[in-house]
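Report on the following structure.
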Amino acid sequence: MVLGEAPTNRVTLAELLDLLQTAQAVTPAQVQDVGRMADRRRRILERDRQAQLGQEGIEVSPAEVLASFQLVTPQGATLSEEKIQQAVATASGIRYVRVDTLKIDAKLITTTISQAYARRNCALPLSKQGDRLLVAVDDPASEDVRASVAARAGIAVELVLSTRSDILRSLQDVFQFRATIRGAAAELGDMGTDLGNLEQLVRLGAAGKEVEGDDRFVVQAVDFLLRYALEQRASDIHIEPKRDLSNVRLRIDGVLHTVHQLPRVVHHAVTSRIKTLARLDIAEKRKPQDGRIKIQNGAAEVELRISTLPTAFGEKVVLRIFDPEVLLQDLGTIGLFPNELKQFEGFIRHPHGMVLVCGPTGSGKTTTLYSALRAVATPSVNVTTIEDPIEMVVEQFNQTAVNTKVGLTFAGALRTLLRQDPDVIMVGEIRDPETAQNAVQAAMTGHLVLSTVHTNDSAGTIARLGELGVPGYLLATTLVGVVAQRLLRKVCLQCRYETELTKDQAEVLGIEMRPGERFAVWQGAGCSACRDTGLKGRVGVFEVLPVTEKIRKLILEKADAGAVARQARADGMLTLRESALKKMALGLTSFSEVLRVTTQGE
């Protein structure tokens, strides 16, 4: 077969329906409905694909047509494209493999086959395993693809089955991004431009040139990275220069994934483009800089916070993504149990006093505070924040950024703020005695103050304020409540299954299991939706401590954190571990996540 020819003898929709009906995955009535409407549905899907890829002739597979009907199987599951392909794989004796866009080898793909051939034949080289090349196809009748790719790569090929939509999406991402990077590299040229290594290499007779950040290919590459990060639900983008190249990593659900590598000649151009968008000084590479970018994502506006840092091999850039759909949630959706939600809503409805949220970096404190502020912000309430920096601009709030260069600190801004007639004040973080004292004074003078403290649990927050010099009598008078929190990754709903907690696992979590007792839990098997992790999305887990009369008495007596925690638990407070166990029992998270998130500080 000549490389570039399309495969023949593809599985037809009729054959697919027969296969699924034999497997009792569809009913005769559903087969009739699909047969009657399939041609019209295919034309719609082909038109959409042509608009998406900007190219004609990329056909829609029978599995995609069938999946678009979202049929419900007799067993109650939705018939997705992945489930259809798994059934085809089982019937044809070919292995099914999920395509993970974060793990594909872009260099392997682009050096093995051309974009035209890959699209026409729906073939995606995945990896080299020993003396064979793994290639994903969407149809088991692709033996000619095996021969042609093997001839091109000079290595034996094993075909595996994947979904057509995943293969085409991956090909689009890889070839589009690689084309922009190759174009940028060719346009800029490798003139020995150095990334700023500490061990600088000097090449005699070669003159470097400054790379402009607005080159056409560079603009496209940066746009692609931003779109891709939003599609992957990333919270951060890391662009990290190394000796010979630059790594691009995305943080998704708290975990970093390497997704691309940039030639070193392109790194400076990409960072310059980002710095230009963020209104930073592109000529300054010796000291850190911070900026912001606002981008349009569909109907929503998403804010990016940019941070640059000089490293051994050049400027590292981190873009933190602030999606309003994540930061500005309804309080009922962040993970509080009904009783905890009622308590927290009671905290923020106080006319004055201090409400504190604690936890390590990345535990979701900002989301909780912003959601709380949105809940109390009305035209009749003056909500003002002091942040370092402003996480996300919200029109309902009056937001002030700390600026130490001009002497504007948390404490100084808070003193000025009290002359601005505020009702609700949010202080980004209480980190020093002066800010702590001013926050308490503001709470005493008729204002509701919300803030964060970096402590492990709610009881420890009270002790921390004592260490910052807040007298016990003032703290007992002003403190309304404390919320400690963490973020748990959720079990993927697409691939979760029920299992049982083992005796050893129960012992690790401190659960007493009587002989014969069964503790049902859920975990994910791994699928394309969760990138084979079994976990997708995150939910908050909380420890809500209301300052009752008994707690107030302990504060006045300068009791330690242990005594405060024991009294709070006697009053009905769930600890972080207990709250996480409850979410595990409800099937929201897994044993491993509970152990990972709540072991620290236990």
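The values are calculated or read from the model by the stated rules, or taken from the named source; none is laboratory data. This is a predicted model, so every value here is computed, not measured. Here the Cβ positions follow ideal geometry from the backbone for every residue, glycine too, while neighbour counts run over all protein chains shown.
Screening Gly346, Gly335 for residues that are assigned by TED's automatic domain parsing to the domain that holds Leu450, outside any helix (DSSP H, G or I) and in contact (Cβ under 8 Å) with a residue 60 or more places away in the chain leaves exactly one candidate, Gly335. Can you name every residue in the stretch 416-436 that is part of a helix (DSSP H, G or I), within 34 Å of the chain's Cα centre (by Cα) and of a type in the set (Val, Ile, Thr)? Residue satisfying the conditions is Thr435 alone. Being surrounded by fewer than 21 Cβ atoms within 10 Å (Cβ to Cβ), out of contact with any His (no Cβ under 9 Å at 6 or more places or on another chain) and closer than 18 Å to Thr445 by Cβ is a condition met by no residue of the stretch 364-373. Residue pairs whose Cβ atoms lie under 9 Å apart, sitting 6 or more positions apart in sequence or on different chains, and linking a residue in the stretch 504-518 that is within 20 Å of Thr598 (Cα to Cα) to a partner that is exposed (fewer than 10 other Cβ atoms within 10 Å of the Cβ), are Ala506/Glu512. Just one of the listed residues (Arg98, Arg120) is out of contact with any helix residue (DSSP H, G or I) (no Cβ under 9 Å at 6 or more places or on another chain) and either surrounded by 19 or more Cβ atoms within 10 Å (Cβ to Cβ) or charged (D, E, K, R) (or both), namely Arg120. Filtering the stretch 374-389 to residues that are surrounded by fewer than 20 Cβ atoms within 10 Å (Cβ to Cβ) and touching a residue at least 40 places away in the same chain (Cβ under 8 Å) leaves Arg374, Ala375, Val376, Ala377, Val381, Asn382, Asp388, Pro389. Here the condition is being farther than 23 Å from Gln329 by Cβ, among the hydrophobic types (A, V, I, L, M, F, W, C) and not assigned by TED's automatic domain parsing to the domain that holds Thr455; of Val470, Val508, Val564, Val547, it holds for Val508 alone. Scanning the stretch 95-103 finds no residues that are of a type in the set (Lys, Arg), touching a Leu at 6+ places or on another chain (Cβ under 9 Å) and over 27 Å from Thr533 (Cβ atoms).
Residue-by-condition table, conditions (1) assigned to a helix (DSSP H, G or I); (2) of a type in the set (A, V, I, L, M):
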site: Leu356; (1), (2): no, yes
site: Ala372; (1), (2): yes, yes
site: Pro379; (1), (2): no, no
site: Gln399; (1), (2): no, no
site: Leu414; (1), (2): yes, yes
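Would a scan of the stretch 470-485 turn up a residue that is in contact with a Cys (Cβ under 8 Å, 6 or more places away or on another chain), of a type in the set (Ser, Thr, Tyr) and modelled with pLDDT of 90 or more? Within the stretch 470-485 (the criterion being in contact with a Cys (Cβ under 8 Å, 6 or more places away or on another chain), of a type in the set (Ser, Thr, Tyr) and modelled with pLDDT of 90 or more), the answer is no, since none of the residues qualifies.
As a summary of the residue check, Asp139 satisfies the conditions (1) outside any loop (DSSP other than H, G, I, E, B); (2) at pLDDT 75 or above except for the one numbered (1).
In the stretch 461-476, the residues that are among the aromatic types (Phe, Trp, Tyr) form Cβ pairs under 9 Å with partners that are assigned to a helix (DSSP H, G or I), at six or more places apart or across chains, as follows: Tyr473/Ile555; Tyr473/Leu556. Checking each residue in the stretch 142-158 for being under 37 Å from the mean Cα position of the chain (by Cα) and within 15 Å of Arg10 (Cα to Cα) picks out Ser142, Val145, Arg146.
Quick grid of which residues meet (1) exposed (fewer than 12 other Cβ atoms within 10 Å of the Cβ); (2) of a type in the set (D, E, K, R); (3) modelled with pLDDT under 85:
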{"position": "Ala6", "(1), (2), (3)": "no, no, yes"}
{"position": "Asp18", "(1), (2), (3)": "no, yes, no"}
{"position": "Thr22", "(1), (2), (3)": "yes, no, yes"}
{"position": "Gln30", "(1), (2), (3)": "no, no, no"}
{"position": "Met37", "(1), (2), (3)": "no, no, no"}
{"position": "Glu46", "(1), (2), (3)": "no, yes, yes"}
{"position": "Gly54", "(1), (2), (3)": "yes, no, yes"}
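Filtered by the rule that a residue be without any contact (Cβ under 8 Å) to a residue 40 or more places away in the chain and outside any loop (DSSP other than H, G, I, E, B), the stretch 576-587 gives a lone residue, Glu578. Among the residues of this structure, Asp330 counts as one that is of a type in the set (D, E, K, R) and farther than 30 Å from Lys405 by Cα. For the stretch 278-322: of the residues being of a type in the set (Ser, Thr, Tyr) and closer than 24 Å to Glu231 by Cα, which is surrounded by the most Cβ atoms within 10 Å (Cβ to Cβ)? Applying the filter and picking the extreme gives Thr308. Residues that are touching a Pro at 6+ places or on another chain (Cβ under 7 Å) and surrounded by 15 or more Cβ atoms within 10 Å (Cβ to Cβ) do occur in the stretch 79-91. Given the structure, is Glu325 modelled with pLDDT under 85 and either assigned to a helix (DSSP H, G or I) or surrounded by fewer than 21 Cβ atoms within 10 Å (Cβ to Cβ) (or both)? Here the answer is yes, as Glu325 does meet what is asked.
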